[in-house]
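Colleague: Take this structure first; my questions come after.
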Amino acid sequence: MVHAALLALALSSRTTGRIDHIVRYVMGDHHIAGLSLAIVRDGRVIYARGYGFADRRRTIRTQTGTIFAVASLEKPFVAALVLRLAERGKLSLDDTLGKYVPWYANARDVTIRDLLANESGIPDYAQLPGFERGARNPVSPEDLVRRVSSLPLDFRPGTRWRYSNTDYVLLGMIVQDVTHVPLAAWLHRDLLGPLRLRATATWQPIVPEAGRAEGSIAAGSPTLAFAAADLESNAPDLARWMDDLLLGRVVNARDLHRMLGGMGFIAGHFDGLAVAWHSGYIEGYSSYMAIVASKHLGVVILCNQDKVDLGPLALSILEDALH
């Protein structure tokens with residue numbers, strides 16, 4: 001069932017009808033209780049809507065402002081923090097890991113540039129046998145990295161691409177080392193506060209929060225993700241975040257090109273256009289964000305169902321918004 005909250009400033013009723021139809025179909029196909037989406041174009045949110053229910057008992061409807069865990073959609077935020085520190089001369093993208101994490105001997109020659117682009121060769125701790133997504137015990141970022149620190153690199157740094165959550169845990173550790181401030185506090189001070197992203201904050205599933213969607217399965221400890229996936233937000237906030245990026249409010253033009261080309265996002269092509277995207281998965285929630293910079297267009301989708309690939313839905317929405 002679709003909630004009536006709707007903003008459609010520049011899309012025809014036929015286009016919004018197509019979007020609603022495919023959203024309902026995907027929700028039914030993947031047993032999604034609640035979903036929220038927003039589309040931003042040319043500096044404004046042109047469509048935002050909540051669908052279904054924020055809880056499994058079907059008593060609370062999803063609103064456009066409903067909060068979801070966004071998982072790896074945190075990575076563009078962390079990439080921006082690092083690039084902003086580099087712009088200020090606080091670090092260099094060519095700094096090696098040995099400067100900040102000297103005990104990780106196997107990866108001492110990996111650069112910050114390699115970490116940002118997922119070209120480090122460092123194994124992903126979340127893919128290790130026995131890794132429990134739903135584990136409840138708190139874990140430090142150092143402990144997460146030590147799980148892979150005795151392993152050889154998967155390849156020589158800078159020669160290949162392979163997604164690794166460990167890369168972004170290390171970047172979060174580097175931000176803390178450079179700023180002498182906890183990552184969550186620095187993120188709020190440097191980005192969330194100035195950009196007025198009031199719905200975006202550290203994911204704390206054990207703390208009750210009004211307006212938060214209930215996940216389809218019990219949440220694990222957010223410390224299992226640290227800088228890789230421990231934020232919550234809503235669709236309008238993330239739409240404004242995409243717009244802030246495109247308008248140059250976050251990083252300079254060179255660094256925006258780096259981000260959209262693979263630092264914090266994954267670079268690809270859609271309908272003959274360059275697209276930067278990222279998906280997110282954490283216990284009970286799935287998310288997706290995509291930006292077509294040449295059209296100043298972006299879409300974000302959040303839902304409270306575990307392990308749903310929202311990419312095809314996002315691309316379908318982008319196609320409707322483009323044409």
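Colleague: Output the residue which, of all residues in region 291-311 that are assigned to a loop (DSSP other than H, G, I, E, B) and either within 14 Å of the chain's Cα centre (by Cα) or of a type outside the set (Lys, Arg) (or both), is surrounded by the fewest Cβ atoms within 10 Å (Cβ to Cβ).
Modeller: 309
Colleague: Okay, moving on. Can you work out which of the residues in region 220-238 that are touching a Gly at 6+ places or on another chain (Cβ under 8 Å), assigned to a loop (DSSP other than H, G, I, E, B) and buried (at least 20 other Cβ atoms within 10 Å of the Cβ) is modelled with the lowest pLDDT?
Modeller: 229
Colleague: Here is a follow-up. Restricted to region 31-81, and to residues that are aromatic (Phe, Trp, Tyr) and within 15 Å of the chain's Cα centre (by Cα), which residue is farthest from residue 259 (Cα to Cα)?
Modeller: Taking the candidates together, the pick is 68.
Colleague: Do you know which residues across region 97-117 are assigned to a helix (DSSP H, G or I) and either over 23 Å from the mean Cα position of the chain (by Cα) or under 15 Å from residue 178 (Cβ atoms) (or both)?
Modeller: If the condition is that a residue be assigned to a helix (DSSP H, G or I) and either over 23 Å from the mean Cα position of the chain (by Cα) or under 15 Å from residue 178 (Cβ atoms) (or both), then 97, 98, 99, 100, 105, 106, 107, 112, 115, 116 are the ones that fit.
Colleague: Taking region 19-50, which residues are in contact with a Cys (Cβ under 6 Å, 6 or more places away or on another chain) and assigned to a strand (DSSP E or B)?
Modeller: 35
Colleague: Could you tell me which of the residues 268, 248, 211, 261 is of a type in the set (Gly, Ala, Ser), free of Cβ contacts under 8 Å to residues at least 24 places away in the same chain and on the phi > 0 side of the Ramachandran plot?
Modeller: 248
Colleague: Among 172, 211, 193, which is the only one that is among the small types (Gly, Ala, Ser) and closer than 12 Å to residue 77 by Cα?
Modeller: Matching residue, one of 172, 211, 193: 172.
The values are calculated or read from the model by the stated rules, or taken from the named source; none is laboratory data. Worth saying up front: this structure is predicted, and the values here are computed from it rather than measured. Neighbour counts run over all protein chains shown; Cβ positions are idealised from the backbone, glycine included.
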